[in-house]
Every structure is written in structure tokens, then in C-alpha cells.
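As C-alpha cells, the structure follows; a few thoughts come after it.
The values are calculated or read from the model by the stated rules, or taken from the named source; none is laboratory data. Note that the structure is predicted; figures quoted are calculated from it, not measured. Counting neighbours? That spans all protein chains shown, and the Cβs are built from the backbone with ideal geometry, glycine included. Note: accessible area is taken over every heavy atom of the protein model, side chains too, but ligands, DNA and RNA are not part of it. Shrake-Rupley method; radii C 1.70, N 1.55, O 1.52, S 1.80 Å.
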Amino acid sequence: MATALTTPNDKVPIMGFTGSLILARTQVSLIDMLAPHEAELVSRRDDNWQLAAVMGESPDIPGWAAELVEATAAPVLIAVVGDSDTALLLADSPDGHRWVTVLNAPPDSAGRAAVADSRAMTAIAEAAVSWAAEAGHAVATDAVLTALCEADRDNRAADQAFSDALDAGDFAATHEVVRNQISFIEVYVLRVLVALGVAVSVQDTGSWWAHLADQAHAPSPLPGDLPTG
């Protein structure tokens, strides 16, 4: 249900983001390493973790991740975002801690089926914990598992609340669901980074990325918190 694309003042609609979020640890500029791609630096931490946004589609994500791992000698995570609606996460590392999953996968897709498989998702979360350990962070499997699954959970809950309100003819309630729904999958990507111990902060507090980062640190609404008309 990533259709309520609005700016922080909830008045001016904007386009969804299609591109990749690249997380890597390097002392040199990540933007320079990503040339000639059109990229924007989202955040740089004091420990040299950098997050960049690359516009447009990239054909070989596994190859790209492997190249960045070789260039940085550190773990790398790439989130391939489609219109701010879904995000494929692919991680790689020098020691071979690789994992992949999809946030808010389309219905009837392999990614959606994987989220419904608790054993499969737990295995992915455990691989992500090993990736984080190589990155120097001890994190909890349960927290990572929650972060990997909550986009699907929240969107299912919001879709149901929206449908119920629409069926009841309560258009005020449908607007409230849309207004309260965290519609941008980038928020959930940033929450995964929090769970992995590599949370980012955005220095330009007035930017759109800072707005999304603020949402990433806010509690996710539980299904019962969403209005149902």
C-alpha cells in the first residue's frame, strides 16, 4: 500500500524512489567509488560507514556488491528499491556472509512466500547477524527478524484496515489509514540498518532522507493501532 507518497507537511505529493541504497565502510568517498552512477550521499558515520542513494536501475547487483566488498575489504549491503514500494536486500562480505531477502514483496511472489516461512526467515536473520558480527556489531536475531518482516506485516495490516473502512463507506477512516501508514519502503530499509547495528543519521535535518530516518527510529504501528472504521 505504498501509494500515499507525500512530503512531511502532508500536502505536496512526490514521486517514489527507484534506485539502490548502498551501505559500505570506506575511508574514501563512497560517491567517488560509485562513479559514473548518479549518486547522492545520504549519511556518513564517524566510523566510516557511508550510505549512498543511486538513482535508476542497476543490472548486476550481486556483481556490484562483490566489487564493493573487494574494493573496501568490508561488508556491503545493497537495497534495490522499486518506486518506494518494495526493496530487495542483498548483503555480501569478505568472509562470505551473504544473504538476500525482499521487504514488502509482491503478493504471490517467492519473496512473500519466504516471509510466511518462519524457518526460512529465521535462517536469513541468522545470516544477517553473522554479517553484522563481521561488521563489528553484536546484534540480536529476534530484532533482525522483526526488522526483516515488519514491512510485510505493516502493509498487510494497513491494507486490511483500508479495505474495511472502504467497505463501510467511512472515507474519513480511509484517509486516516493512508495518512498514518508509513508508505516508503526506505523507512523499513533504514530500520533493518538499525537492527544490524549500522543505524544512520542524516546531517541535513531538513532533507527528505532525514524525514525518512526520523520515521525509521519511531515505533512501527502495530496492526491494532491502525484505524479500521
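Values computed for the structure shown
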| read-out | value |
| --- | --- |
| Extreme residue, positive dipole direction of region 21-145, given options Ala39, Ala127, Ala65 (C-beta unit charges) | Ala127 |
| P(r) histogram, all alpha-carbon pairs of region 67-137 included - 5 Å bins from 0, percent | 4, 17, 23, 23, 17, 12, 5, 0 |
| Heavy-atom accessible area per residue - region 42-97, 1.4 Å, Å² | 40 Å² |
